[in-house]
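Novice: Sharing a structure with you now.
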Amino acid sequence: MSSQEIPEENLPAEQGDAHGAVKVADEKNPFADPGLPPHEHRIQDIDERAAKRSERTVALLFTVSMLATIAFIAAYVAIPVDKAIYVWPIGHISALNFALGMTLGLALFCIGAGAVHWARTLMSDVEVADERHPIETSPEVRAQVHADFRAGAAESVIGRRKLIRNTMLGALAMVPLAGVVLLRDLGPLPGTSLRHTTWAKGKKLVNMNTMEPLRPSDVAVGSLTFAMPDGLDEHQHDFQKNIAKDALMIVRIQPDDIKDKRELEWSHEGIVAFSKICTHVGCPISLYEQQTHHVLCPCHQSTFDLADGGRVIFGPAGHALPQLRITVGEDGYLEAVSDFAEPVGPAFWERG
């Protein structure tokens with residue numbers, strides 16, 4: 001490209017121009033202004049073939065970013081969570097974490113590298129000196145800002161370099177998908193597990209202290225007994241997860257003192273079984289007042305009336321304690337008639 005074809009604003013400043021001039025120090029300004037060095041043209045400014053090469057490089061980086069984002073999603077779906085690989089010199093690490101980190105890092109790096117290369121090789125690099133001005137904004141300044149913005153948009157050549165524009169938009173549009181996919185890992189997804197426990201028809205009530213099945217005669221009036229379902233073993237790997245929903249409070253109340261009709265129907269000779277898990281934040285309830293039949297959660301003082309359907313009478317709990325319907329089996333032991341009729345523990349948004 002000849003010098004006649006170079007835009008006027010990109011031509012080097014002539015001798016004596018203010019660009020690169022040095023002011024002389026005096027009493028008012030003891031420090032001389034060194035000015036700006038003469039502007040040097042880049043190869044892309046004078047050679048369209050070099051500009052095209054830079055354009056293709058930027059587009060390639062944005063395209064690699066898009067491919068890396070796709071690889072991130074594919075790795076998240078395809079690689080098992082428990083798969084491990086050996087990476088020197090780190091050692092054995094999670095294959096999933098390694099793949100996610102590499103692909104997401106590559107996607108973000110390529111977007112950044114493409115933007116930097118675009119700015120350094122294709123956008124205007126003419127140095128502009130501006131004098132300090134008052135902080136207040138005048139109409140002239142606002143007009144100048146708008147004009148500068150339009151000039152910057154024009155100098156970015158985003159309208160003319162459509163390949164860069166399209167690949168950049170594609171990369172920026174796809175990379176957030178990595179974050180969206182990661183939202184799934186806030187789980188695992190609970191499905192319907194929050195609505196069910198291991199209690200089922202025929203499951204015996206086992207005393208959590210003696211680990212023996214309970215007979216009606218084992219529960220005295222005014223006593224509090226903690227129970228869990230038969231077959232639940234504390235050595236099982238999922239014991240803590242199950243007991244957090246299965247734990248029961250067993251109390252015996254005089255049938256005439258039971259105020260709730262359904263509670264009386266679901267009891268056996270005044271023996272009632274309620275969930276031990278507080279409906280506020282899931283703390284275990286352990287404090288029982290014999291005369292009032294009230295139980296108190298020690299965490300936030302939610303109080304429930306076990307003689308009135310386990311309803312909340314004080315505190316932040318949002319709903320009553322779930323009751324487990326019980327009966328006596330042919331062998332004389334207390335057993336469940338079914339699972340809880342409603343979810344155990346704190347409320348959740350889809351509980352309905």
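The values are calculated or read from the model by the stated rules, or taken from the named source; none is laboratory data. All values reported here derive from a predicted model rather than from experimental measurement. Quick reminder, even Gly has a Cβ in these numbers, built from the backbone with ideal geometry, and neighbours come from all protein chains shown. With ligands, DNA and RNA removed, areas are computed over all heavy atoms of the protein, side chains included. Shrake-Rupley method; radii C 1.70, N 1.55, O 1.52, S 1.80 Å.
Novice: Within segment 184-243, restricting attention to residues that are of a type in the set (Val, Ile, Thr) and closer than 21 Å to VAL337 by Cβ, which residue is surrounded by the fewest Cβ atoms within 10 Å (Cβ to Cβ)?
Specialist: THR192
Novice: What do you reckon, is ALA317 in a strand (DSSP E or B) and in the same structural domain as MET208 (by TED's automatic domain parsing)?
Specialist: No: the conditions fail for ALA317.
Novice: Test SER138 against the criterion of being among the polar types (S, T, N, Q) and more than 30 Å from ARG165 (Cβ to Cβ), and give yes or no. Walk me through how you get there before you give the answer.
Specialist: Values: among the polar types (S, T, N, Q): yes; more than 30 Å from ARG165 (Cβ to Cβ): yes.
Answer is yes for this residue.
Novice: Continuing with this model, one more query. What is the one condition in (1) more than 30 Å from ASP185 (Cβ to Cβ); (2) out of contact with any Phe, Trp or Tyr (no Cβ under 7 Å at 6 or more places or on another chain); (3) surrounded by 11 or more Cβ atoms within 10 Å (Cβ to Cβ) that PRO139 does not satisfy?
Specialist: Of (1) more than 30 Å from ASP185 (Cβ to Cβ); (2) out of contact with any Phe, Trp or Tyr (no Cβ under 7 Å at 6 or more places or on another chain); (3) surrounded by 11 or more Cβ atoms within 10 Å (Cβ to Cβ), only one is false for PRO139: (3).
Novice: Among the candidates GLU265, GLU342, which residue alone is surrounded by fewer than 17 Cβ atoms within 10 Å (Cβ to Cβ) and not assigned by TED's automatic domain parsing to the domain that holds GLY202?
Specialist: None of the other options fit; the residue is GLU342.
Novice: Could you please tell me which pairs satisfy a Cβ distance under 8 Å, a separation of 6+ or placement on different chains, a first residue in segment 172-186 that is under 21 Å from VAL58 (Cβ atoms), and a second residue that is open to solvent by 70 Å² or more (accessible area, probe 1.4 Å) and modelled with pLDDT of 80 or more?
Specialist: MET174/ILE70; VAL175/LEU108
Table: residues versus (1) among the acidic types (Asp, Glu); (2) exposed (fewer than 15 other Cβ atoms within 10 Å of the Cβ); (3) under 26 Å from LEU122 (Cα atoms).
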site	(1), (2), (3)
ASN29	no, yes, no
ASP45	yes, no, yes
ARG49	no, yes, yes
ALA59	no, no, yes
ALA68	no, no, yes
PHE72	no, no, no
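Novice: Now for a separate question. Out of all the residues in segment 146-195, which are modelled with pLDDT of 90 or more, small (Gly, Ala, Ser) and closer than 13 Å to THR69 by Cβ?
Specialist: Answer for segment 146-195, where residues must be modelled with pLDDT of 90 or more, small (Gly, Ala, Ser) and closer than 13 Å to THR69 by Cβ: GLY170, ALA171, ALA173.
Novice: Just checking, how many residues over segment 299-323 are more than 35 Å from the chain's Cα centre (by Cα) and at negative phi?
Specialist: 5
Novice: Tell me the residue from VAL295, VAL312 that is in contact with a strand residue (DSSP E or B) (Cβ under 8 Å, 6 or more places away or on another chain), touching a residue at least 40 places away in the same chain (Cβ under 8 Å) and part of a strand (DSSP E or B), please.
Specialist: The match here is VAL295.
Novice: Moving on. Only residues that are more than 30 Å from LEU100 (Cβ to Cβ) and in contact (Cβ under 8 Å) with a residue 60 or more places away in the chain: list them for segment 160-171, please.
Specialist: ARG161
Novice: Let me ask you something else. Residue pairs, Cβ under 6 Å, 6 or more apart or interchain, first in segment 137-159 and at negative phi, second surrounded by 10 or more Cβ atoms within 10 Å (Cβ to Cβ) and in a helix (DSSP H, G or I). List them.
Specialist: Qualifying pairs under 6 Å: ILE158/ARG165.
Novice: Shifting gears a bit: Consider ALA153 against the criteria (1) surrounded by 11 or more Cβ atoms within 10 Å (Cβ to Cβ); (2) outside the structural domain of ARG56 (by TED's automatic domain parsing); (3) not in a helix (DSSP H, G or I): it satisfies all of them except one. Which criterion is unmet?
Specialist: It fails just one condition, (3).
Novice: Whether any residue in segment 114-122 is within 37 Å of the chain's Cα centre (by Cα) and open to solvent by 80 Å² or more (accessible area, probe 1.4 Å) is what I want to check.
Specialist: yes
Novice: Out of curiosity, is PHE304 aromatic (Phe, Trp, Tyr), open to solvent by less than 50 Å² (accessible area, probe 1.4 Å) and either modelled with pLDDT under 90 or touching a helix residue (DSSP H, G or I) at 6+ places or on another chain (Cβ under 9 Å) (or both)?
Specialist: Against the criterion (aromatic (Phe, Trp, Tyr), open to solvent by less than 50 Å² (accessible area, probe 1.4 Å) and either modelled with pLDDT under 90 or touching a helix residue (DSSP H, G or I) at 6+ places or on another chain (Cβ under 9 Å) (or both)), PHE304 does not qualify.
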